[in-house]
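This is the structure I want to talk about, given as structure tokens.
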Amino acid sequence: MKKLITAVVSLGLMIGTASAGTDVGADIKAFQGYFKKQNPSVEFADYTIGVYALDAGSRDQFEEILDGIPPYEEAVEKGGEEFEKFGLGKCSALKDPAAARLAHPYYDDAAGTVVTLEGTIRRCYTEQTGKKMGTMKGKIARISSWISDQAAGEKINVKVESDGAKAAYERGKATFYAKRGQFNMSCADCHVYNAGKKARADILSPALGHTSHVPMYRAKWGGIGTLHRRYGGCYKNMRAKPLMAQSSEYRDMEFFHQAMSNGIEISADRYRK
Ligand code: HEC
């Protein structure tokens, strides 16, 4: 990581800086426009494959893996069986799984918080079984993956409408752009301003499309993990203490992070290195 740190020239610039009001449309335009300008030869739809959109060499490996039996296939299938077994379809918010993937994350005005897909799965699981479910791997990641698969090919379309939603979005945006940890870096330093560049053995993925294939399978994990598990890993990359998965800070950040990918297709190809 050291090499990267010295390579990072922090521009200290925030795309779509908050002005008097929240203009999500303008933020999305600026965010997506930045990547289009940086990578004019990359198709917009290809941002769903993350780092593989920017690096031809690793893209070949990725496609080879998908051509075979991807290492997450069985787990996702099991997630579908678990969805049935735990009666999650009886919960109105999950009755139509594809619609549920598309409807989350959303801002619940009555509760005054951002609700994530994993939040809803956990609530429904507890209602049906009386038990608690984890937040990062295992059942939650399998079931969430299976639900997301039902919406594959549909476009992410996060809505930020009420004043409360806008406030949550602004909080999430601030978290995404905040410098933190021993390296004093922000998410944007790696995944916006240095996307496509090398950090040790990794090439940094663009934040555009980051939430299209979640939960993701990682070879490093040897399994599937939720987006918030990945957030925790990146807090560690920043030499900062991870927050709790499903904490309000991560939920707000997810709300912003997914909104930046509005228009990108949801993908069932969840393999990452
Ligand atoms: C020091 C650089 C660095 C910083 C800062 C950083 N990350 Fe990462 N992140 C990585 C690396 C390296 C990977 C693995 C390669 C890749 O996909 O970019 C990664 C992967 C990811 C992925 C998975 C991408 C995929 O396609 O599956 C997400 C999501 C992510 N980071 C989000 C964040 C968020 C949100 C923040 C801020 C809290 C953040 N990262 C901060 C280095 C960083």
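The values are calculated or read from the model by the stated rules, or taken from the named source; none is laboratory data. Keep in mind it's a predicted model, so treat the numbers as computed, not measured. Neighbour counts are summed over all protein chains in view; Cβ atoms, including those assigned to glycine, are modelled from backbone coordinates with ideal geometry. Heads up: the accessible areas ignore ligands, DNA and RNA and are worked out on the full protein's heavy atoms, side chains in. Shrake-Rupley method; radii C 1.70, N 1.55, O 1.52, S 1.80 Å.
Return yes when Lys78 is of a type in the set (D, E, K, R), surrounded by 14 or more Cβ atoms within 10 Å (Cβ to Cβ) and touching a residue at least 24 places away in the same chain (Cβ under 8 Å) and no when it is not. Step through it out loud before you land on a result.
Numbers: of a type in the set (D, E, K, R): yes; surrounded by 14 or more Cβ atoms within 10 Å (Cβ to Cβ): yes; touching a residue at least 24 places away in the same chain (Cβ under 8 Å): yes.
Yes; evaluated as a whole, the condition is true for this residue.
Okay, next question. Cβ-Cβ under 8 Å, sequence separation 6+ or interchain: first residue in the range 252-269 and within 14 Å of Lys29 (Cα to Cα), partner open to solvent by 20 Å² or more (accessible area, probe 1.4 Å) and small (Gly, Ala, Ser). Which pairs?
Partner pairs satisfying both residue conditions: Ile264/Ala45.
Taking Ile156 as the residue in question, decide whether it is more than 7 Å from the ligand (Cβ to nearest atom), in the same structural domain as Tyr52 (by TED's automatic domain parsing) and touching a helix residue (DSSP H, G or I) at 6+ places or on another chain (Cβ under 7 Å).
The answer is no for Ile156.
Please verify whether Ala98 is small (Gly, Ala, Ser), crowded, with 19+ Cβ neighbours inside 10 Å, in contact (Cβ under 8 Å) with a residue 40 or more places away in the chain and over 21 Å from Phe256 (Cβ atoms), treating the condition exactly as stated.
No.
Among the residues that make up the range 100-115, is at least one of them among the acidic types (Asp, Glu) and in a helix (DSSP H, G or I)?
No: the range 100-115 contains no residue that is among the acidic types (Asp, Glu) and in a helix (DSSP H, G or I).
Additional query: Please work out which residue is surrounded by the most Cβ atoms within 10 Å (Cβ to Cβ), limiting yourself to the range 184-201 and to residues that are closer than 29 Å to Ile147 by Cα and near the ligand (Cβ under 7 Å from one of its atoms).
Out of the qualifying residues, it is Cys187.
Going by the structure shown, is Tyr72 more than 16 Å from the chain's Cα centre (by Cα), open to solvent by less than 50 Å² (accessible area, probe 1.4 Å) and not β-branched (Val, Ile, Thr)?
yes
Against the condition more than 16 Å from the ligand (Cβ to nearest atom) and in contact with a Leu (Cβ under 7 Å, 6 or more places away or on another chain), how does Tyr125 come out, does it pass?
yes
With respect to the numbered conditions (1) assigned to a loop (DSSP other than H, G, I, E, B); (2) open to solvent by 20 Å² or more (accessible area, probe 1.4 Å), which one is the sole condition not fulfilled by Ala245?
Tallying (1) assigned to a loop (DSSP other than H, G, I, E, B); (2) open to solvent by 20 Å² or more (accessible area, probe 1.4 Å), Ala245 fails exactly one: (2).
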